[in-house]
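Here is the structure we will look at, set down as C-alpha cells.
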Ligand SMILES: *Cc1c(COP(=O)(O)O)cnc(C)c1O
Ligand SMILES: [Zn+2]
C-alpha cells in the first residue's frame, strides 16, 4: 500500500471563539469553555516552501496525497479504504435543460461506504489510531455510522453506533456486518447523541460525533482542495452543499482559505457557499434568515434525506459565518422536490444520487427563480452519497413494479 511519506505540517488546534490553543499530539475533543469545535492550523509558510502544487497531482490517487495539510503525523497510522479523488463531472444535458450551461457535480458516491462520510471518518479514525484509541462511538443519521464502523474495523478498533430506528436499512446492515454494536434509538440523531455521549463518558469510549473531535473536518476539507485542483486552481462561482452537521461546508471553505494562503490559487474570486436543507428540518436556513449567530434546536425534524435530519449542528456558528463571509445563502427544499430532482439527475445524466445530493439541484432551481444565480455562472452541486443506500425511501410506488 503506497502510503505517502510526506509529513503533516499541523501546528496546533485552536478554539475559534476564545482562541485557546490545544496540542495536536494529545487526544482532543472540543473547547470545554465554549462547548464549540476546535480548528486545525498548519504551518502553511513551510508547506509553501517545501511542496510543489503540481507535484501533488503525480502522487498516488486519494485523499492522503494531501498529507501535508492533513493531521496524521505518522504515515504508518493512516487508515485508508481508498477514499477521495471523486470525479468532478460536467452536466451538459441537465444544465441545458434548466438553463445553467456551466453546471458541475462532484460525485462523492464513489467513496468507500458510498458516501463522503468516508473522508471525515478516515481523518478522525486515522488520527485516533495514531493517538492509541481502541474504542470509538458515534451517533449517526446513517452514513457516518457505516463509515466509522468500516474504518474502525480496518484499524482493529471496537465500534459502537447509535442511530434513529428509522435510519435507512442499508446503514444498519453495513454497520452490523463489520461487527460493530448497533443501537437503534427511538428518536432523532440528537437523542442518539445524548445516549452515545453518556456511554462515552461512563465507559471511556472516544466520541467521534460531528465536530466533537477536530479531524472529520480535516478529512472533508479535502473536497475543497480537489475542487480547486480539478478546475486548474480556479473556483466555481457557487457551491451548493446539503447541510446537516455542516462539516463539508465549513471544510471546503477552510480548504479554499488554506489554498489562498499557500498562493496556489489562480483566482481571487471565491465561491458563494449555499447551505441546502429540507423544509422539515431547516435550522440553518431559519437562523440565516433571522440574521442569528447560532441555530435553535429544530422541533419535530422530518425529511427522507436522513443526512439532513440534524436539528442543531454543534458547529452552527461556523456554518453561519461561512455563509456570510462567502456572500452565500441558505435554502430549504421540500421532499417532493428532492424526489423530482433525484429523478431528473438520473434521467438527464445517469446519476442515481442520494436524496441529500438531489436537494442541491432542487435548491438551485429555487435560486434561479429568485435570480440569485445568473445563467452564466459556474455552479457546483455536491452529491454526497449514492441513491442505492436509500432504496426504501427513494422509490415512489410506480417504480416498485
Ligand atoms: C451526513 C450527510 C450529509 C450532511 O453532511 P454534513 O457534513 O453533516 O453537513 C449530506 N449527505 C449525506 C449523504 C450524508 O450522509
Ligand atoms: Zn473556546
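Only the coordinates and a few stated rules stand behind these numbers; no lab work does. Not measured: the values here are computed from a predicted model. Please note: Cβ atoms are built from the backbone with ideal geometry, for glycine as well, and neighbour counts cover all protein chains shown.
Here are the numbers for the structure shown:
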| quantity | calculated |
| --- | --- |
| D_trans [Stokes-Einstein, Kirkwood Rh over alpha-carbon pairs] for the stretch 277-352, 20 °C, 1.002 mPa s, µm² s⁻¹ | 161 µm²/s |
| For the stretch 250-295, projected area of the alpha-carbon convex hull averaged over all directions, nm² | 4.2 nm² |
| Cβ crowding within 10 Å averaged over residues, with 281-294, 240-253, 310-323, 131-144 ranked highest first | 240-253, 131-144, 310-323, 281-294 |
| Hydrodynamic radius of the stretch 177-279 per Kirkwood, over alpha carbon pairs, in Å | 16.0 Å |
| Kirkwood Rh, Cα atoms: Rg over Rh of the stretch 63-125 | 1.15 |
| FRET efficiency, 1/(1 + (r/R0)^6) with R0 45 Å, evaluated for residue 55 and residue 279 via beta carbons | 0.45 |
| Likely footprinting exposure, 74, 207, fewest C-beta neighbours within 10 Å first | 74, 207 |
| Distance between modelled label sites at residue 102 and residue 184, nm, 7 Å Cα→Cβ extension | 4.8 nm |
| Theoretical gain in end-to-end length, residue 302 to residue 266 [0.36 nm per residue, Cα-Cα removed] | 8.8 nm |
| Cα→Cβ-extended label distance, 7 Å offset, between residue 135 and residue 11, nm | 3.7 nm |
| Inter-probe distance in nm under a simple model that places probes 7 Å from Cα toward Cβ, at residue 286 and residue 46 | 4.6 nm |
| Rg followed by Dmax, in Å, when the stretch 105-201 is reduced to its Cα trace | 12.7, 40 |
| Peptide ranges 270-279, 41-50, 338-347 listed from the most packed, as the mean C-beta count within 10 angstrom indicates | 270-279, 338-347, 41-50 |
| Translational diffusion of the stretch 274-401, µm² s⁻¹ [Kirkwood Rh, Cα pairs; Stokes-Einstein; 10 °C; 1.306 mPa s] | 104 µm²/s |
| Kirkwood Rh, angstrom, the chain [1 / mean 1/r, Cα pairs] | 20.9 Å |
| Residue 201/residue 165 FRET efficiency (R0 22 Å; Cβ-Cβ; nearest 0.05) | 0.40 |
| Cα-based convex hull volume of the stretch 35-164 per residue, rounded to whole Å³ | 179 Å³ |
